[in-house]
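What follows draws every value from the coordinates through simple rules; no lab data is involved. What you are looking at is a predicted structure, and each value in this text was computed from that prediction instead of being measured. Cβ sites come from the backbone with ideal geometry, for glycine too, and all protein chains shown count toward neighbours.
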């Protein structure tokens, strides 16, 4: 953790009780499938080493990462569970991945050949094969699956699973629905055609958070859940699945908070911050908050109509977000003062600002919001 950030009044809170609640809830919903909790991108910005043990203790059977270095970081922190590498590792990193006992993904004939060479004369190396059924980012074509399995068998690699990925499982329209169901059909057909080459006990998996909730038939043996364990749904309509199961709601795990560092009482017509972009329509108390775009609070928040919470009330931004600070228009509330808690993400009193609210303001998705909270915002674990 960088030193910068600890000595200013700005921080993120990672609620492990909420995390455990989410994992347990999702495990019940997807049962009897097991749950792989995805902790790539530093645990979606929550701190992978901070959340990994709680995820496993709450019911996740394994963890998923995107990079070899992410898996090694977890091993160095003492995590002993299965860690699935969700992307094909470059040839130069294969020995490091094998030494770290990561479960490797093979997504091409070339990748299978490279892994066979890297694993020669080594003990058992666990492997999952990814099949491209329509994402077209990485994965073995269904027609090459038999050849890839043959290469792995000849190299005495341990085939632990076969999987695919569903890019529009969160789509709330007939076209997306049909595409996802077509992917599942393609995957079943591809696996069925090579079933004799798949060892007993190898797991089949296709579903991300969206697939696990909206397509029960996609749960198979394992689901890979990222966004859901951190307390968010890919689409608000998915709450009905949890309601029907009698499971209630997921709980957001991360809050981002700060304290007012300065105040100014400004006249109507003043234009705070760079560019003098926004005119105050009335005399206002303007609060300075020590969080900026270098911390993951983007400049675009101003035009998106973003708000923060101070003293339990929603407050709009008063000007352009700067690198290290932002300004908040508190109107005629002269009670706002230096030291008051500011909630940028999370709850205060009866109000809540969610990652979905940020995403709406920014024209993006909640995944990007969570992953965008920078490391110089220190992560404090709370229970």
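Take the Kirkwood radius over Cα pairs of the chain, plug it into Stokes-Einstein at 37 °C and 0.692 mPa s, and you get 146 µm²/s for translational diffusion. Restricting the calculation to Cα atoms, region 113-156 yields a radius of gyration followed by a Dmax of 11.5, 35 Å.
Counting only alpha carbon atoms, the long axis of helix 48-57 and the longest principal axis of the chain meet at about 60°. Across the alpha-carbon atoms of region 254-353, the computed radius of gyration and Dmax are 12.2, 37 angstrom.
Cα centroids of region 133-171 and region 291-362: 44 Å apart.
The modelled label-to-label distance for the pair residue 338/residue 382, using points 7 Å beyond Cα in the direction of Cβ, is 2.4 nm. Residues 141, 195, 50, 284 in ascending order of nearby Cβ atoms (within 10 Å, fewest first): 195, 141, 50, 284. Would you please state which residues of region 136-162 a label at residue 109 would reach in this model, taking the label point 7 Å out along Cα→Cβ and a backbone N cut-off of under 13 Å? Of the residues in region 136-162, 140-151 have backbone N under 13 Å from the label point off residue 109.
Put a dot 7 Å past the Cα of residue 279, heading toward its Cβ, do the same for residue 175, and the two dots end up 4.4 nm apart. Beta bridges assigned by DSSP with both partners in the chain are antiparallel in approximately 50 percent of cases.
Highest-first packing order for the peptide set 333-345, 312-324 is 312-324, 333-345, based on the mean count of other beta carbon atoms within 10 Å. The equivalent ellipsoid of region 71-217 has semi-axes of 27, 18, 13 Å, largest first, where each one is the square root of 5 times an eigenvalue of the Cα gyration tensor.
Using the Cα gyration tensor of region 39-110, with a ≥ b ≥ c the square roots of its eigenvalues, what is the shape: rounded (a/c below 1.5), prolate (a/b larger than b/c) or oblate (neither)? Note, shape of region 39-110 comes out prolate.
Given springs between every Cα pair under 10 Å in a Gaussian network model of the chain, which of 105, 49, 364 has the largest fluctuation? Result: 364 has the largest fluctuation of those listed.
Counting beta carbons within 10 Å around each of 353, 79 and listing the fewest first gives the order 79, 353. Residue separation of residue 268 and residue 244 scaled by 0.36 nm, minus their Cα-Cα distance, works out to 3.5 nm of gained length.
Across region 155-246, Cα-Cα pairs more than 23 Å apart make up 30 percent of the total. Between helix 109-118 and the chain there is an angle of about 80 degrees, using the helix long axis and the longest principal axis of the Cα atoms. Quick one: in region 204-254, what % of C-alpha pairs are over 15 Å apart? Value for region 204-254 (Cα pairs over 15 Å): 44 percent.
Rounded to a whole number of µm²/s, how large is the Stokes-Einstein D of region 183-302 at 37 °C and 0.692 mPa s, given Rh as the Kirkwood radius over C-alpha pairs? Reported coefficient: 168 µm²/s.
Remark: spin-label model distance residue 75-residue 135 equals 2.3 nm, labels positioned 7 Å along the Cα→Cβ axis.
Counting neighbouring beta carbons within 10 Å and listing from fewest to most, the residues 136, 200 come out as 200, 136. Which shape class applies to region 1-89: rounded if a/c is under 1.5, otherwise prolate when a/b exceeds b/c and oblate if not, where a ≥ b ≥ c are the square roots of the Cα gyration tensor eigenvalues? Since a/c reaches 1.5 but b/c is at least a/b, the shape of region 1-89 is classed as oblate. For the residues 15, 144, 173, a GNM of the chain with alpha-carbon springs under 10 Å puts the largest fluctuation on 173.
Note on region 8-150: Kirkwood hydrodynamic radius from all Cα pairs is 16.4 Å, rounded to one decimal. The angle separating the long axis of helix 174-193 from the principal Cα axis of greatest extent in the chain is about 30 degrees.
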